[in-house]
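A.B. asks: Just passing along the structure, written as structure tokens.
The values are calculated or read from the model by the stated rules, or taken from the named source; none is laboratory data. Since the model is a prediction, treat every value here as computed from it, not as a measurement. Neighbour counts run over all protein chains shown; Cβ positions are idealised from the backbone, glycine included. What goes into the accessible areas is simple: the full protein's heavy atoms, side chains included, and nothing from ligands, DNA or RNA. Shrake-Rupley method; radii C 1.70, N 1.55, O 1.52, S 1.80 Å.
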Amino acid sequence: LLSPNVGMGIRYALEGVIGTLLALGNMLLLNRAFGSWMQGGAYATREQFVDPNVADPIFRSEWLPLCNLGNGARFITTNSTQEFMQQCFMNVHWSSMTDGGIRSAIVLLDLAVFTALFLGVGFGASTRIYALTYLTFWLMLFVNPSSDAYAENPSDPWTQSIMTCIGCFLAVVGQFLPCPNTALGNATKLCGELTQSIAAILESLPFAPRQEIRVPLESALEAPQLWIKDLGGLCGAAWFEDLGILPYRTRRRQKLEQYVELLGSLLQHMTLASRLGAALTEEELVKIEEKLPALVDVCAYAAKALPALPPTTKMALDEDVLEDLQRAMQDLEEEFSAAVGAFSLTGPILSFTLATISIASGAVERVKVLEKSQGPSESGLCRICRWFSELFRRLELPQTRNNPSHKLFVFRSTLAMVLSFLFGWVGLERAMVAYSFGAVVTVSVVVANTGQAGFSLGLIMTRLNSAVIGTVIGQAVQQVLAVQTVFHASLFAVFIWCYSVFLIFQILHSPDHASTALPVLAIGIGGLVPGNGVFRIYNAQIEPAAEIGLAASVKSAVFGGGIMLLIDLFLYSSARGICEAELRKAFQKSEGLLLRVMGLRASTSAANADGSSNEETRVLMHLDQVASLIPMAKKEPAPRGIEFPVMLFSTVEHSLRVIAIELGTLEWMLEVSSNTALVGQEELGPLLTEIEGFLSKILSSSLVMFDDICKRKFLIAGANEMSVAGSIRRDILAKEYSRISTTQAAKPETPKATTRRLSNLAHVAARRHSDTGSTQNFPELINQIRKKAKENRGLLPTSDLYAQVELLVSVLATVSKEANQVQITLAQYG
């Protein structure tokens, strides 16, 4: 329940209560569903035995009669290993089995069904730890004939559940003392800092062409990405502070979420403007400063207009700043009209100016939309259903059930839980005591914290080491300091304080070590408590049972980890396969995004609250998954010695990311533009149709080659391979070789800035001409459209058709370059 703020504390406490209640409900059902037949557990039908080698009486279960308890106590004496294997295979005396074996089967089936359903639905790690740990612990007490946990009412599960709920409540209360550290307050503060950073970037955007500004600007564009990620987590935690019920805080949080989304989109669009500025020459930079000095004022006033988002439900824009911005826009209108009349603005200048003005004016317009936005009004029943749906969505692991490896993860985790529980039940003579829950609890902790994809051998070893270290530290310190003297008790308290502070600091402030420190803390603190709850007397001899308990705990943890390692070795979810599936989806959705943006159709659904449509985020979501899976795929065992092609996946992922960002930013900027003539231009239709068709063909052929590479398990194809992918690959390589040879022979002069961006489109035209024999010439067609666009000039870049055409050409040049890069990379690898 350790958390950095109130929101996460409430979430963890809620997850802990839900997990505990789910495990409690399962045990109540198991204990009472069959009437008196299973009520009370194995304790109700136990048999007492006397072993001359053990002083105390021992109890044998009728459900699953064992031959020994693993600690020296025996029910059956055998004289040889062969006799033991015949009578006591798996330490079960099979000849004494009665209908109690059905009860044992019901217990194992209950564990398997509950684990499979629970993991199949998908909950957070905290819910998993509480539910699986309590379930396995209570089930082991249920089948232990020596435990009277279910003999009295209320039973031990009831008592422990009440204590857990009280502990969760106290953990939440502790977040408010001495003063509440709310996620909403932290998010508001961080959002103010992010706003200042983005405002500074926006203000310096007109100076992006300058070399001394370009490098720090590019660095500044990368830094806020971490803030955006942190803000996403804080906004998610802030929901648990208001639970969507408190009206004022709910509106504050919703405004904050919408504003953070807007800042993230602005940051993404500034990347394109920075790229366009970097492409300008010194002469073009001088022209911008001479002809359009008001551009600096427009960006400066737009930056000042961005609200710092104070803790209110409204984001009122400063009216004085808006008036200054309006005057700056009027000055820019006069300067732009004069520059257009003198024909002194080149294509790169127009595209950069349009991008900059679109970001500045679009930011202010989107904030105005957010000011007027209202939450959905729903009836009482719909509101309740929507609240439960929102709660479940926030408690569920992201995309849990949509993960391709989820079913395999559920199967191997369920199998590991059942096997470790079974081995802990029957025990292992001289190695693991019967009815010990250490192995299955270790597995449940590992399952709750282990990801679903990738070869998790190293992760399981880390968790196993954490369990062993925590057990050894707790038990050892308990034996040394748990003594009834003031000195030892003081050292005991100081050790607990230092031990907890150090590990809690690691959990809260070190993401790399948090998953290791948490088991060490939990298991170590549990081991510090003496078994009977009483410190030993000074100079009293340490009981042998304590030494045996320490050894048994370590052995159980190691045995449970060994089961997980063995299962994971054969049934691990391949990060390679998931990486392939995610990249395949990114290919398909990139093609769909290209078709829609190139058609310049109005979006049918608004993804953002400010009215904008960022459908490229769907592509970026899959690409983010690919980027996170590549390191895991690299660590997996190489089948047949074939290493995972990290460079191939990284190159394709980067190119598809650039394509998605460029197309999404183009769409956003054209929506901001006030002139819709670009959409209705008949002369633009042939160009869009040609480029759309060919770029779609590039992506389709790239997907065919990618599927072929994955189908061959990254093996190199033969030179005479007869397949569709092989034909595409040979054709691409032949044309690329011909193009390079021709380029080297011609040795062209350095192109001018205006024609430099047409090189990629010209390459596309040449490729398409060789494919289809088309007589269309893309550069000529673009020049015709430019000539037509010059007849429909606007007063501002956002209303100027020629500027929009130049921006379109610049984006298409980058998209075609990256699409060709993907195709050539896949062809060369195959």
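A.B. asks: Indicate the gyration tensor shape class of the range 54-105 (rounded, prolate or oblate), computed on the Cα atoms with a ≥ b ≥ c the square roots of the eigenvalues: a/c under 1.5 is rounded; otherwise a/b larger than b/c is prolate and the rest oblate.
C.D. replies: Verdict is oblate for the range 54-105.
A.B. asks: Report, to one decimal in Å, the Kirkwood hydrodynamic radius for the range 83-199 based on all distinct Cα pairs.
C.D. replies: Computed over Cα pairs of the range 83-199, the Kirkwood hydrodynamic radius comes out at 19.2 Å.
A.B. asks: Okay, moving on. Would you please put 388-394, 554-560 in order of how densely packed they are, using the mean number of other Cβ atoms within 10 angstrom per residue and starting with the highest?
C.D. replies: Ranking the peptides 388-394, 554-560 by packing returns 554-560, 388-394.
A.B. asks: Could you pull out every residue, at least 5 positions away or on a different chain, whose amide H is within less than 5 Å of the one on F49? Hs are placed 1.01 Å off N in the peptide plane, and Pro or chain starts have none.
C.D. replies: For F49, whose amide H was placed from the backbone, the distant partners under 5 Å are I58, F59, R60.
A.B. asks: About the Cα centre, and with charges only on the beta carbon of Lys, Arg (+1) and Asp, Glu (-1), how big is the dipole of the range 145-226? Nearest 20 debye, please.
C.D. replies: Its charge dipole is roughly 380 debye.
A.B. asks: Here is a follow-up. Express the C-alpha Rg of the range 158-286 as a ratio against the empirical globular expectation 2.2 N^0.38 Å, rounded to two decimals.
C.D. replies: My calculation over the Cα atoms of the range 158-286 gives 1.52.
A.B. asks: Can you bin every Cα-Cα distance in the range 779-830 into 5 Å intervals starting at zero and give me the percent of pairs per bin, rounded to whole numbers?
C.D. replies: 5, 18, 19, 17, 12, 9, 8, 6, 4, 2, 0
A.B. asks: Report the percentage of all Cα-Cα pairs in the range 4-102 whose separation exceeds 18 Å, rounded to a whole percent.
C.D. replies: Every Cα pair in the range 4-102 considered, those over 18 Å come to 63 percent.
A.B. asks: Here is a further query. Show me the chymotrypsin sites (Phe, Trp or Tyr not before Pro) within the range 331-374 that DSSP assigns to loop and that have at most 16 other Cβ atoms within 10 Å of their Cβ.
C.D. replies: Those satisfying the criteria are F343.
A.B. asks: Kirkwood Rh over alpha-carbon pairs of the range 463-586, then Stokes-Einstein at 4 °C and 1.567 mPa s: what D in µm² s⁻¹, rounded to an integer?
C.D. replies: 77 µm²/s
A.B. asks: Keeping all protein chains in position, work out how much accessible area I504 exposes to a 1.4 Å probe, and write it in Å² to the nearest 10.
C.D. replies: 50 Å²
A.B. asks: Per residue, how much accessible area does the range 159-297 have with a 1.4 Å probe, in Å²?
C.D. replies: 46 Å²
A.B. asks: Quick one: Karplus J couplings for the range 213-222, per residue in order, coefficients 6.51, -1.76, 1.60, θ = phi - 60°, nearest Hz, x for Gly and Pro?
C.D. replies: Each residue's phi maps through the Karplus curve to give 9, 5, 5, x, 5, 5, 5, 5, 6, 7 Hz.
A.B. asks: Continuing with this model, one more query. Can you give me the P(r) profile for the range 105-156? Cα pairs, bins 10 angstrom wide beginning at 0, each as a whole percent.
C.D. replies: The distribution over the range 105-156 is 22, 46, 27, 4, given as percents.
A.B. asks: Can you list the HN-Hα couplings for the range 793-799, worked out from phi with the Karplus curve (6.51, -1.76, 1.60; θ = phi - 60°), rounded to whole Hz and with x for Gly and Pro?
C.D. replies: 8, x, 7, 9, x, 6, 10
A.B. asks: Could you sort 212-221, 652-661 so that the peptide with the highest average Cβ count within 10 Å comes first and the rest follow in order?
C.D. replies: Top to bottom by mean Cβ count within 10 Å: 652-661, 212-221.
A.B. asks: Mind checking which aspartates and glutamates have their C-alpha under 13 Å from K635, skipping anything on the same chain fewer than 8 residues away?
C.D. replies: The reachable aspartates and glutamates, counting only those whose Cα sits under 13 Å from K635, are E643.
A.B. asks: About its Cα centre, what dipole magnitude does the range 69-193 give when the only charges are +1 on Lys and Arg Cβ and -1 on Asp and Glu Cβ, stated in debye to the nearest 20?
C.D. replies: 260 debye
A.B. asks: Right, something else. Excluding same-chain residues fewer than 8 positions from K368, which lysines have a Cα within less than 21 Å of its Cα?
C.D. replies: K255, K304, K314
A.B. asks: Using a 1.4 angstrom probe with every protein chain in place, what is the largest-first accessible-area order of S650, S810?
C.D. replies: From most exposed to least exposed: S650, S810.
A.B. asks: Then there's this: Amide H neighbours of L66 under 5 Å, counting only residues 5+ apart in sequence or on other chains, H built in-plane at 1.01 Å?
C.D. replies: The list, which skips near neighbours in sequence, is S61, H93.
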